[in-house]
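The values are calculated or read from the model by the stated rules, or taken from the named source; none is laboratory data. As the structure is a computational prediction, the values presented were derived from the model and not from experiment. Methodologically, a virtual Cβ is constructed for each residue, glycine included, from the backbone with ideal geometry; neighbour enumeration extends over all protein chains shown.
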Amino acid sequence: MVKKRIKSTTRVIEASMAVALSAKLCEPAVIPMYPITPQTHIVERLADFINDGDLNAEMIHVESEHAAISATIGVSAAGSRVFTATASQGLALMHEVLHVVSGMRLPVVMAVANRALSAPINIWNDHQDSVSARDTGWIQLYVESAQEALDSVIMAYKIAEDHKILLPVMVCLDGFTLTHVYEPVDIPAQTKVRKFLPKFNSYYNLNPKKPITMGPVGFPDSFMEFKKQEQNAMEVAKKAIKKVNTDFKKSFGRSYGNGLIETYNLKGAKDVIVGMGTICGTAKFVSDELKKKGKKVGVIKIKSYRPFPAEDLKNIAKKVKRFIVIDRNISLGHEGALATDIKASLFGIKTKVDGFIAGLGGRDITGDDMKYMLKSKNVESEWINVKQ
C-alpha cells in the first residue's frame, strides 16, 4: 500500500499574509483584533478567512488595543487558543495588560509588526515598540523573512503551550520592511501542522464545575515567588525553544539556527555583526561580499531576545575579537538595549562590544553603513547616518 504524501504549497505572498495563514493553520478559537498600521493586513486577511468559512473562529472587534489584549486573557483563561496582533502605539497601549497575561501564565501568541513609537508620529520600522516591552514577561522571537514569520507563529504556540513554560509569545516582524514585502513562502498542509501542534490542552482554566481563583492579590510574602516562577519558566524556555526548532526541522525541513540565535560565516571571523530582524539579511550580504575580498566577518542573528541567549553569545565571544551590535532602538539616556544586554552577558570576557544606533523611524541601514561600522573602533554608542 502506497501512503499518500501530504504536500505543502509554495506561493509568493506578503509577509502579513504569511502570518495570517500561519495563525489560521494553528486554529485559534478567538481572535480579538484592532487594526493599526502596519499590522492591519494581518487583521484583514484573518477576517477574510473567517468570512469565507476557511477558519472556524470568532473575531472580536474591540474598541482599542488595550481591549484586544484584555480579551485574550478571558479567552485563554477559559481554555481556548487565542491569537492577536498589534504594532507601535497599540503595543504601548497594551503595556499594563502585558504584565497580567504573563503573570497569569497564559500562552497567548501575538504578532507585532514593529514600528517606531511617537512622537513625532512615524509609521515606519524600528524595534522601539517591542524592545520597550522586553521586561513584561513575554517570550520575544524576531524574524528575518516571510517564511520565518509563518514558521515562528506555529513554533510560538508549541513553546507557549508547553506546561513547563506557559508564557505568552510575541513574534516580531519588521513593519513595511517585511510585513508588506512579497516573498516565496512554503505553506505546510493543515494535517501536518495539526500533527506538530496538537489541539490546545489547557493546564488549568476557568470551569464552574471546578472553581479556581485566577489573578488574585499577591501579598509581599508571596509576590516574589510568583515572579521567580516566571523567571524559571524563561530559563526552561531556552531549552524548549531549541527543541521546538529541532522538532520543526524534522517535521517541515526548516530550522533557524538553534532557535535562539542563527549564525553565518563565523568560521575564522574576528569581527561579528549582531542584530535582529531584516537587517541580518543585509549583514549576510556584506559578509559574503567581504569574504570574496578575503575579509572574514561573521553574523549573529538574535532570534530570541527574551529569553536572552547569553550562554550562546559567550561561547562565540571566546573565539572572536569584536561584536558590532546594531540596535534599531535607543534606551534614551544610555545606549541601544541589545548592546547593553550583550555587554552584561559578556562580563569578564575580553571581546570588544561596539554599539551602533541605526535605522530608527524606518531609516535605511545599508551595506555601506555596516562597512563603516566595521571600520569604527572603540565605539560606546554611535548614531549612524544622522545629523549631529
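Scanning the stretch 302-324 for residues that are closer than 22 Å to L167 by Cβ and assigned to a strand (DSSP E or B) yields a count of 4. Working carefully through the options M214, M234, find the one that is of a type outside the set (D, E, K, R) and in a helix (DSSP H, G or I). Within the list M214, M234, the selection yields M234.
Out of V325, V320, report the one residue that is modelled with pLDDT of 95 or more and crowded, with 21+ Cβ neighbours inside 10 Å.
V325
For the stretch 350-379, residues that are in a loop (DSSP other than H, G, I, E, B) and surrounded by 14 or more Cβ atoms within 10 Å (Cβ to Cβ) total 7.
Among the residues making up the stretch 76-89, a single one is surrounded by fewer than 24 Cβ atoms within 10 Å (Cβ to Cβ), outside any loop (DSSP other than H, G, I, E, B) and not aliphatic (A, V, I, L, M): Q89. The lone criterion from (1) within 25 Å of L360 (Cα to Cα); (2) crowded, with 24+ Cβ neighbours inside 10 Å; (3) not charged (D, E, K, R) left unmet by W124 is number (2). Within the set G359, G333, G355, the sole residue that is on the phi > 0 side of the Ramachandran plot and over 20 Å from the mean Cα position of the chain (by Cα) turns out to be G333. Taking the criterion of being part of a loop (DSSP other than H, G, I, E, B), farther than 18 Å from A149 by Cα and either in contact with a Ser or Thr (Cβ under 9 Å, 6 or more places away or on another chain) or not basic (K, R) (or both), the residues of the stretch 256-294 that qualify are N265, L266, G268, A269, G294.
Rundown of residues vs (1) hydrophobic (A, V, I, L, M, F, W, C); (2) buried (at least 23 other Cβ atoms within 10 Å of the Cβ); (3) assigned by TED's automatic domain parsing to the domain that holds M373; (4) at pLDDT 95 or above, yes/no style:
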position	(1), (2), (3), (4)
G268	no, no, yes, yes
I273	yes, yes, yes, yes
M276	yes, yes, yes, yes
F285	yes, no, yes, yes
K293	no, no, yes, yes
